[in-house]
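Please read the structure below before turning to the comments.
None of the figures in this text is laboratory data; all of them are computed from the coordinates on show. A quick note: this is a predicted structure, and the numbers were derived from the prediction, not measured. Don't worry about glycine lacking a Cβ; one is built from the backbone with ideal geometry, like all the others, and counts go over all protein chains shown.
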Amino acid sequence: MLTVGGYARVSDIGQMGDGRDGREGVMRQREDVHALAKVKRCDVHRVYEDNDTSAYRRRVKRRDFEAMMIDLASGVINGILASNIDRLFRQPRDLERCIDIYEQARRPMIFATTAGDFDLTSPEGRFQARIHVTIANKFSADAARRVARQKRAEAVQGMPHKGQRAFGWKDAEHVDDREAELLRIARKDILQGKKVATVHEEWTKLRVRSPQTPPGKTIGYSSVRYVLRNPRLCGYRAYIPQEVRERSGRVDPVEWLVERTDGTPVMGQWEKIFTPDEWRELIDVLDARKNTGKGRKIGSTVIKRLLTGIARCAKCGNGLSSGMYTRGTTSYEKYGYYYYCRRADGGCGSLSRSGPPVEDHVEKILLGNLKKRARQVKPTAEEDPELTKAKADLKQIEADKAEARQLRADDKLSLAEFAREISRLERKERETGEKVSALSAAPVRAGSAAARIIREWGRYTVDVKREEIVKSIEAVVIKPAGKGGAQNGEFRADLVEIVWK
Ligand SMILES: [Zn+2]
């Protein structure tokens, strides 16, 4: 009596509507195997079973199938029984691997299915098997095409993707308030010059996770980039064909937007976080940085201080670098770091100056300058964009409340849901209302960019401040203190010259 292995498999094709598969299918396949074993007088060593996988999709590894190949090669089993040959091999190369084993085996072997036996040790049997597998392969390709067509049709209708939720949403349709807020803040910061790496650092501190983040970890840098670029944010529906995804792993969905025949993007049926313009603006900024190579420098340990490269040595004109004072010294306690003309960068190497006092001086002068500019703006100047947005938000909240009431009236919201929604909206309304009155009453009425910069300066990161500085300042030239004018004394403004643009 030969000891053989049985094989059963559920493919995901069944989920797409032809109803052949599922748990039920596996039970039937198992029964077939045992019935066959009785007829063939074989002893079933075990039934190898792969669930929910498709032998047609190349990237999917079938664990039990692989185990069965090993057992077959090593003589643990002397044959395979299966309900149908297409359960086993949908790729011709899987069959060829199996044929190799049968050819090399110096022992009696069997290969049987309910549809007939294949003598894989004879050319005739191999020919039959190859024909069957080739046909099965064709059917699978057709099924995959059918699935692809269906998925594409769903995309064109703007239906949400199935499966895991996207970062920013609780499910396929509803926004997750906290994640959406993180995205909105990140967008604003990035437009003002913040790097994605900095956003990633901040999110790491907040222990932010994406639906794909492994347990115990926080979101990775590339995921931050990915969730910020997601077209879904503004309602655009992307569709990446399966074969493209399998070929290249993570694909940029920005390049795979589904369009209507008139070339406009299909809008998805879910709550949006950005408007299309807001999203596009962010993508443009991110793409522009990618092209200038200005993103994250991997492995870079150089700290960019506020005036690195902007401050220059008066003697040789070289852009200054920064360094840390030696721990424990008075200078270290008092200032921490200094700027200096670095020989390794081609400078003269004979100038250095404590960092913070120079920075304070430059910031004070720059802000003073901006204030002057803000005052020159006519009072009829356009409204602060933040105020405009807050006002629009208020209107939106009003509309949302009306909608919630209507939904309640139509009995589409339970009382509990309605109460939660209304109290959430009222809280938002209160906050936004406060923001509107604060912004309207701001001492600097002019909504010019200058006024905004002054107001927000304290919250800017070094990156953002640098961007603002280089908009108006060409260079900050640091002059040597001269003989005897030891730099351990007071800060001397006369040794700093600001060159405006
Ligand atoms: Zn120098």
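Summary of computed values
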{"item": "Normalised alpha carbon radius of gyration of the range 385-441 [divisor 2.2 N^0.38 Å]", "result": "1.28"}
{"item": "Angle in degrees between helix 23-40 and the longest Cα principal axis of the chain, rounded to the nearest 10", "result": "30 degrees"}
{"item": "Expected 222 nm ellipticity per residue - DSSP helices of 4 or more, -39500 (n - 2.57), all of the chain, to 500", "result": "-15500 deg cm²/dmol"}
{"item": "For peptides 25-38, 383-396, sequence by mean Cβ density within 10 Å, most packed first", "result": "25-38, 383-396"}
{"item": "Separation of the HIS34 and GLN212 label points, Cα + 7 Å toward Cβ, nm", "result": "4.3 nm"}
{"item": "Label-to-label distance, nm, for residues given as LYS188 and THR461 (7 Å Cα→Cβ offset)", "result": "1.5 nm"}
{"item": "On Cα atoms only, tilt of 276-292 relative to the major axis of the chain in degrees", "result": "80 degrees"}
{"item": "Cα-Cα separations in the range 239-288 greater than 14 Å, expressed as whole percent", "result": "66 percent"}
{"item": "Descending principal axes extents, the range 122-270, alpha-carbon based, whole Å", "result": "70, 42, 26"}
{"item": "Degrees separating the helix 177-191 axis from the principal Cα axis of the chain, which is the longest one", "result": "50 degrees"}
{"item": "Förster radius 22 Å - calculated FRET efficiency between ASP360 and TYR337, Cβ distance, rounded to 0.05", "result": "0.95"}
{"item": "Antiparallel content of DSSP bridges confined to the chain, in %, to 5", "result": "50 percent"}
{"item": "Assigned charges on the beta-carbon of Lys, Arg, Asp, Glu; the chain dipole about Cα centre (debye)", "result": "1760 debye"}
{"item": "Estimated FRET transfer efficiency when R0 is 25 angstrom, pair GLU417-SER437 (beta carbons, to 0.05)", "result": "0.25"}
{"item": "Cys residues of the chain counted as unpaired, since no other Cys beta-carbon is under 4.7 Å", "result": "CYS42, CYS98, CYS234"}
{"item": "Spin-label model distance (nm) - LEU367 vs GLU403, 7 Å beyond Cα toward Cβ", "result": "4.1 nm"}
{"item": "Efficiency of FRET between ASP345 and LYS205 - r from beta-carbon atoms, R0 30 angstrom, step 0.05", "result": "0.40"}
{"item": "Rounded to the nearest 20 debye, dipole of the range 177-292 from Cβ charges on Lys, Arg, Asp, Glu", "result": "480 debye"}
{"item": "Distance cut-off 14 Å, percentage of C-alpha pairs in the range 144-213 lying past it", "result": "69 percent"}
{"item": "Mean Cβ neighbour count within 10 Å, used as a protection proxy, ranking 313-322, 364-373, 413-422 highest first", "result": "313-322, 364-373, 413-422"}
{"item": "Relative contact order (%) - the chain, alpha-carbon pairs under 8 angstrom, separation at least six", "result": "9 percent"}
{"item": "With 10 Å bins from 0: P(r) over the chain, alpha-carbon pairs, percent", "result": "3, 13, 17, 16, 15, 12, 10, 8, 5, 1, 0"}
